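What follows is a set of notes on a single structure, which appears directly below.
The values are calculated or read from the model by the stated rules, or taken from the named source; none is laboratory data. The structure displayed is predicted, hence computed values, not measured ones. A quick note on method: Cβ atoms are made from the backbone with ideal geometry, for glycine too, and the neighbour counts reach across all protein chains shown.
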Amino acid sequence: MKTRESFIPAYFQLAEDLKEKILSGELKPGDPLPSETQLGEQYGISKMTVRNGLRLLVQEGLIESFRGKGSFVAHPKLNELILRLSAQDSINSRAYDSKFLGINVISAEEEVAKKLQLKPKTKLLQFRRLLLFNQEPVAIENRYLTYQRGQPLVEQEIKYADFPEAVAKHTGIIIERNHVTISAVLLSPHDAEILETSEGGAALKIEQLVYGAENNPLGLSIMVCHGEKYHLVASTKSFFS
């Protein structure tokens, strides 16, 4: 049976495992991490994969790396907000579910093409899913990825993987950063019907634009959230509070 871990690149799994140890307090600020060689042996992965995983933790501000000295758990910065975009973090995971709505090969509309730095009408894969909380619809997500003949994403991957993970799996490229834009919008008739609410009601739009090296956009996610049923939570705290 395939699990969520089946679809997550090895460097993501390494980063998430170390992150859990840091946030739980098993690894404390100032503690050294095992060497790249030791981590590679422990997780059965290459040094390059280890470096890619550590780079994700550096970008999150959880560790600091020093040439010739190794990597250490960073001291928390209390003036920075941490916003969780994983559905399991945004919504109680025990009540959360997703309904896969379909995959289509589409011609990119001008706005989407511009965000992905592509020519209009470039072929894209569009994935649609509905997020549910206590079996009630709370958000609609459209994911746009470059179309690669013979390399489709499977339904299980869309259901289990968060967007940056899905992009990394699809492209085979290391994700360098994830740019998020949050704005208030009014529900269109189509979206209101799916979310089982009134047309023109308040909604939250969350756009994620995932980049690879050299500032190259790899994928776009646009999620429209029910204004009264979907909540994002940001926090600023030490790792252990």
Note on segment 20-38: residues within 24 Å of the chain's Cα centre (by Cα) and under 24 Å from Arg177 (Cα atoms) are Glu20, Lys21, Ile22, Leu23
Looking at (1) at pLDDT below 85; (2) closer than 30 Å to Glu26 by Cβ, find the lone condition where Phe66 falls short. (1)
Residue hits (segment 115-129; under 17 Å from the mean Cα position of the chain (by Cα) and in a strand (DSSP E or B)) are Gln126, Phe127, Arg128, Arg129
From Ala184, Ala192, residue being in the same structural domain as Glu136 (by TED's automatic domain parsing), more than 22 Å from Ala108 (Cα to Cα), part of a strand (DSSP E or B) and of a type in the set (A, V, I, L, M): Ala184
Let me spell it out: the conditions are (1) surrounded by fewer than 12 Cβ atoms within 10 Å (Cβ to Cβ); (2) free of Cβ contacts under 8 Å to residues at least 24 places away in the same chain; (3) at positive phi, and Gly25 meets all of them except one. Which number is the exception? (2)
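So which residues in segment 42-57 are part of a helix (DSSP H, G or I) and in contact (Cβ under 8 Å) with a residue 12 or more places away in the chain? Full working, then the answer.
Kept after step one, since they are part of a helix (DSSP H, G or I), are these residues of segment 42-57: 42-43, 47-57.
Passing the criteria: Tyr43, Thr49, Val50, Arg51, Asn52, Gly53, Leu54, Arg55, Leu56, Leu57.
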Residues satisfying the stated conditions in segment 41-58, i.e. farther than 26 Å from Asn178 by Cα and small (Gly, Ala, Ser): Gly44
Leading residue by the ranking (farthest from Gly53 (Cα to Cα)) among those in segment 161-202 that are surrounded by 16 or more Cβ atoms within 10 Å (Cβ to Cβ) and more than 23 Å from the chain's Cα centre (by Cα): Thr197
Under 6 Å between Cβ atoms, which residue pairs at least 6 apart in sequence (or on different chains) link something in segment 109-130 that is closer than 16 Å to Glu141 by Cβ and in the same structural domain as Lys99 (by TED's automatic domain parsing) with a partner that is in a loop (DSSP other than H, G, I, E, B) and modelled with pLDDT of 90 or more? Leu124/Ala108
